[in-house]
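In what follows, a structure is listed as C-alpha cells, so that the remarks can point back to it.
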Amino acid sequence: MEIWDLYNLKREIIGEHIRGTELPEDGYHLVVHVWIKNSEGKYLMTQRSANKSTFPLKWECVGGSALKGESSIYSAVREVYEEVGLNFTIDDGVLLFTKTRKTIKGKRYNDIVDVWLFHYDGDVLLKNATTDEVAQTKWMSREEIATLRQEGQLVHSIKDLDYFFYEMDV
C-alpha cells in the first residue's frame, strides 16, 4: 500500500491519501516529472514495461508520485533510481516549474506536478533499476518526442507537452 501526503492548492499538507482510492475534490497529491538531458540536447525517454496495468509500452519521462513525508526533489531522485538506475543527488536537479492539474481527459487527477531537470552523460543500465517498470530507454530529440506525441505513443499524463516545448527551453 502506497501512502501519499494530501495537499491543498496552497501546497499545505491537509492529510494523507492511499494510492488507488479517489482523491477528494479539494485534495491534491504531489507528482514529479523528471527530464534528463544529455550534452547533445537529447532527453532520456522511458518505455513502460508490457506488464504495467496502465499504458503498457507507452513512452514517458521518468516520474511518479511523492510518498508520504517525501519532498519533491527526494521523490525525483528516488524515481530516477528506481526506474532507470541512475543515482543523482538532490543538488543535481533544477526545478523548472510547477503545474497544477484538476482533470485529464475528464478524469479527476488533482495533482501538483513539479517538473525537474537533471543533466547526465553516460550509459543507462536498466539492470541497476530497482523496479521493472521500464522496458527500455532511449535518448530522443524534441522532434522525436513530438513524433511520439503525434503517433499517440506517449502516456497521456505527459501527452500535453506544451510545457515541454514552450516552457522548458533549457
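Values in this text are rule-based calculations from the coordinates and carry no lab data. From a predicted model like this one, the values you see are computed outputs, not experimental measurements. Note that we place each Cβ from the backbone using ideal geometry, even for glycine, and neighbour counts take in every protein chain shown.
Using a ≥ b ≥ c from the Cα gyration tensor of the stretch 91-132 (square roots of the eigenvalues), is it rounded, prolate or oblate, where a/c under 1.5 gives rounded and otherwise the larger of a/b and b/c decides, a/b for prolate?
On the way: a/c = 3.69, a/b = 1.66, b/c = 2.23.
Here the stretch 91-132 falls in the oblate category.
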Ordered by residue, what ³J(HN,Hα) values in Hz, to whole numbers, does the stretch 39-49 give under the Karplus form 6.51 cos²θ - 1.76 cosθ + 1.60, where θ = phi - 60° and Gly and Pro are x?
5, 8, x, 9, 10, 7, 10, 10, 9, 4, 5
Please tell me the relative contact order of the chain in percent, rounded to the nearest whole number, where contacts are Cα pairs under 8 Å and at least six residues apart.
26 percent
In whole Å, largest first, what are the principal axis extents of the Cα atoms in the chain?
42, 33, 33
SER71 and LEU23 label points (each 7 Å along its Cα→Cβ direction) are spaced in nm at 2.2 nm
Ranked output for segments 6-18, 39-51 by mean other Cβ atoms within 10 Å, highest leading, reads 39-51, 6-18
Relative to the first principal axis of the alpha-carbon coordinates of the chain, what is the inclination of helix 72-84, with its axis defined by its Cα atoms, in degrees from 0 to 90 and to the nearest 10?
50 degrees
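Students often get this wrong, so check it: of LYS68/LYS105; LYS58/LYS102; LYS42/LYS138; LYS68/LYS107; LYS10/LYS68, which have C-alpha atoms separated by over 19 Å?
On the way: LYS68/LYS105 27 Å; LYS58/LYS102 23 Å; LYS42/LYS138 9 Å; LYS68/LYS107 23 Å; LYS10/LYS68 17 Å.
Checking Cα-Cα distances, LYS68/LYS105; LYS58/LYS102; LYS68/LYS107 exceed 19 Å.
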